[in-house]
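Engineer: Dropping the structure in here first, questions after.
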Amino acid sequence: MNISHNPLNYDIDKIRSQFPFLDVRPYGKNIIYFDNAASAQKPKIVLDRLTQFYTNEYANVHRGLHYLANAATEAYEDARLTVCKFLNAVDSEEIIFTRGATEALNMVASSFGNAYIRAGDEIILSTMEHHSNIVPWHYLRENHGAIIQWIEPDLDGRIDIVKLSKLINKKTKIIALTHMSNVLGSPVQIKEIAKMAHTHNVPILIDGSQGAVHLDVDVQALDVDFYVFTGHKLYGPTGIGVLYAKKPWLEELPPYSGGGEMINTVTRDQVTYAMPPQRFEAGTPPVAQAVGLAAAIKYLDSIGREAIRQHEKQLTQYASSKLSEMKHVKIYGNAPDKGPIISFNLNDAHAHDVATIIDHYGIAVRAGAHCAMPLMSMLGASSTCRASFGLYNTFEEIDDFVEGLAKAQSLFS
Ligand SMILES: Cc1ncc(COP(=O)(O)O)c(C=O)c1O
């Protein structure tokens, strides 16, 4: 390893000391966790915040007139403000807490679909979407007779805006795209796409499950109608996601699920709904998870998102160049501005076998179709291995990973 370039004084040792999971020793080995695109590990400050919240501030929110209910409500609404600032939304009422990106995407597809999508209407998706941003739209195809139009990116995950604009017609109701491919790591130029879509009066939804982790998100500058992300990939807890929507959409859309908290009145014959965001948060919300997510966002800010991005970029470049030197490795997606996600295969070895072998060296990667079957078929692969880096990963870990792959390769040749 020979990288000494560290312009932002990234203190990797200090950062690593803040992640308790690094003490886990799989099979007696140091753990090398390269499965961050599936879920990131949690810093101690997030774990401590959860314990503190459950210990000293916990109750159900909004409903109580007692000390703990007020403390919990304050922490929950404070988390909403933190997310609002993180996305640079105009108003915290544009932030809906969900159980994950999947629920947020289903919420938009269902509410938007019920309100606006009829038989023959069209929805544009890219073929590199995660299944969470495909299947909810298939429901509209199955149940409403909607038509899905597909934009195919190139093999590096780039979307041609002119080609995309040609898919738009009077029947187009919405464009739903990822901010960053969870397989290829390629970012999508959503600002330009949103601008183009809006000239045709078509709203745009962005799945930021990967993008919110690695790219700056300013929903006002990007001018997107809906933006979704998930907490556990952002070093926060599981069970929490976010739907940002421009206020006029939230005021118009019908609720997604029904229950407590989302109503104004309920009688035998009628129900009236609360204003957003409560209208879209039926039942007891993921209170502690939202508080934990806010702690994670503050933690990332304390290190500096740009410093993290630079560190991960260097790791990605280093790993890409090392892997390209290996003659049996095929990498999928080589966009120059790709995020820290590298999908690859070792010759004809099955990705599951490769992942299982290197697991025994303490190295965690993901293998499979990555919930992106249309993309896999475009790539002509039934599965790939995916190494994805996080803020605590090191160049030495990449050296060990490459060595582990070379050993795995030797078993196949
Ligand atoms: C691009 C993308 N979208 C959506 C999701 C779904 O996120 P969650 O399972 O947290 O709802 C993922 C998770 O892998 C993802 O990578």
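Engineer: Which condition does L405 not pass, out of (1) crowded, with 18+ Cβ neighbours inside 10 Å; (2) more than 16 Å from the ligand (Cβ to nearest atom); (3) outside any helix (DSSP H, G or I), if it passes all the others?
Structural biologist: Here L405 clears every test but (3).
Engineer: Another question, if that's okay. Would you check which residues across region 32-63 are assigned to a helix (DSSP H, G or I) and not aromatic (F, W, Y) and list them?
Structural biologist: K44, I45, V46, L47, D48, R49, L50, T51, Q52, T55, N56, E57
Engineer: Still on this structure, I have one more. Looking only at region 39-58, decide whether some residue is within 16 Å of the ligand (Cβ to nearest atom) and small (G, A, S).
Structural biologist: Checking region 39-58: at least one residue is within 16 Å of the ligand (Cβ to nearest atom) and small (G, A, S).
Engineer: If you don't mind, there's one more thing I want to ask. Any chance region 64-77 includes a residue that's within 16 Å of the ligand (Cβ to nearest atom) and either under 29 Å from G304 (Cβ atoms) or assigned to a loop (DSSP other than H, G, I, E, B) (or both)?
Structural biologist: No, that holds for no residue.
Engineer: Considering every residue within region 157-164, establish whether at least one is within 16 Å of the ligand (Cβ to nearest atom), out of contact with any Asp or Glu (no Cβ under 8 Å at 6 or more places or on another chain) and in contact (Cβ under 8 Å) with a residue 12 or more places away in the chain.
Structural biologist: yes
Engineer: Test of understanding: among T82, T102, which residue is within 16 Å of the ligand (Cβ to nearest atom), at pLDDT 95 or above and in a helix (DSSP H, G or I)?
Structural biologist: T102
Engineer: Let me ask something else about it. Output the residues belonging to region 118-146 that are free of Cβ contacts under 8 Å to residues at least 40 places away in the same chain and in contact with a helix residue (DSSP H, G or I) (Cβ under 7 Å, 6 or more places away or on another chain).
Structural biologist: R118, A119, P136, W137, Y139, L140, H144, A146, listed by residue number.
Engineer: Being assigned to a helix (DSSP H, G or I), more than 16 Å from the ligand (Cβ to nearest atom) and surrounded by 17 or more Cβ atoms within 10 Å (Cβ to Cβ) narrows it down to one residue among L315, L411; which is it?
Structural biologist: L315
Engineer: Also, I was wondering about something else. For region 277-289, which residues satisfy the criterion of being assigned to a helix (DSSP H, G or I) and in contact with a Pro (Cβ under 9 Å, 6 or more places away or on another chain)? Talk me through it step by step, then tell me what you get.
Structural biologist: Quick first cut of region 277-289, residues assigned to a helix (DSSP H, G or I) only: 278-280, 287-289.
Once the filter is applied, which keeps residues that are assigned to a helix (DSSP H, G or I) and in contact with a Pro (Cβ under 9 Å, 6 or more places away or on another chain), region 277-289 yields R279, F280, A288, Q289.
Engineer: So which residues in region 83-102 are surrounded by fewer than 21 Cβ atoms within 10 Å (Cβ to Cβ) and either more than 20 Å from N133 (Cβ to Cβ) or of a type in the set (V, I, T) (or both)?
Structural biologist: C84, K85, N88, V90, D91, S92, E93 - these are the residues of region 83-102 that are surrounded by fewer than 21 Cβ atoms within 10 Å (Cβ to Cβ) and either more than 20 Å from N133 (Cβ to Cβ) or of a type in the set (V, I, T) (or both).
Engineer: Tell me which residues, restricted to region 230-275, are within 16 Å of the ligand (Cβ to nearest atom), among the aliphatic types (A, V, I, L, M) and out of contact with any strand residue (DSSP E or B) (no Cβ under 8 Å at 6 or more places or on another chain).
Structural biologist: L234
Engineer: Out of all the residues in region 170-229, which are within 13 Å of the ligand (Cβ to nearest atom) and assigned to a strand (DSSP E or B)?
Structural biologist: Selection gives A176, L177, T178, M180, P187, L205, I206, D207, Y227, V228, F229.
Engineer: Considering (1) more than 16 Å from the ligand (Cβ to nearest atom); (2) over 20 Å from R118 (Cβ atoms), say which one L167 fails and leave the rest.
Structural biologist: Against the list (1) more than 16 Å from the ligand (Cβ to nearest atom); (2) over 20 Å from R118 (Cβ atoms), L167 comes up short only on (2).
Engineer: Starting from residues that are of a type in the set (A, V, I, L, M) and away from the ligand (no atom under 14 Å from the Cβ), keep the ones in region 105-121 and report whichever is surrounded by the fewest Cβ atoms within 10 Å (Cβ to Cβ). Full working, then the answer.
Structural biologist: At the first step, the residues of region 105-121 found to be of a type in the set (A, V, I, L, M) are 105, 107-109, 115, 117, 119.
Imposing the further condition that a residue be away from the ligand (no atom under 14 Å from the Cβ) reduces the set to 115, 117, 119.
Numbers: A115: 12, I117: 23, A119: 8.
Taking the candidates together, the pick is A119.
Engineer: With respect to E94, is the statement that it is away from the ligand (no atom under 13 Å from the Cβ) and modelled with pLDDT of 95 or more true?
Structural biologist: Here the answer is yes, as E94 does meet what is asked.
Engineer: With Y76, Y33, Y27 as the choices, which residue is among the hydroxyl-bearing types (S, T, Y), assigned by TED's automatic domain parsing to the domain that holds I398 and within 24 Å of the chain's Cα centre (by Cα)?
Structural biologist: Exactly one of Y76, Y33, Y27 is among the hydroxyl-bearing types (S, T, Y), assigned by TED's automatic domain parsing to the domain that holds I398 and within 24 Å of the chain's Cα centre (by Cα), namely Y33.
Engineer: Being in a helix (DSSP H, G or I) and either within 13 Å of the ligand (Cβ to nearest atom) or of a type in the set (A, V, I, L, M, F, W, C) (or both) is the filter here; which residues of region 122-139 pass it? Reasoning before the result, please.
Structural biologist: Residues of region 122-139 that are in a helix (DSSP H, G or I), as a first pass: 131-133, 135-139.
Answer for region 122-139, where residues must be in a helix (DSSP H, G or I) and either within 13 Å of the ligand (Cβ to nearest atom) or of a type in the set (A, V, I, L, M, F, W, C) (or both): H131, S132, N133, V135, P136, W137.
Engineer: OK, next. Which of the residues that make up region 11-38 are surrounded by fewer than 17 Cβ atoms within 10 Å (Cβ to Cβ) and of a type in the set (S, T, Y)?
Structural biologist: Once the filter is applied, which keeps residues that are surrounded by fewer than 17 Cβ atoms within 10 Å (Cβ to Cβ) and of a type in the set (S, T, Y), region 11-38 yields S17, Y27.
The values are calculated or read from the model by the stated rules, or taken from the named source; none is laboratory data. Note that the coordinates shown come from a computational prediction; the quantities given were computed from them, not determined experimentally. In this analysis, Cβ positions are derived from the backbone assuming ideal geometry, glycine residues included, and neighbour counts consider all displayed protein chains.
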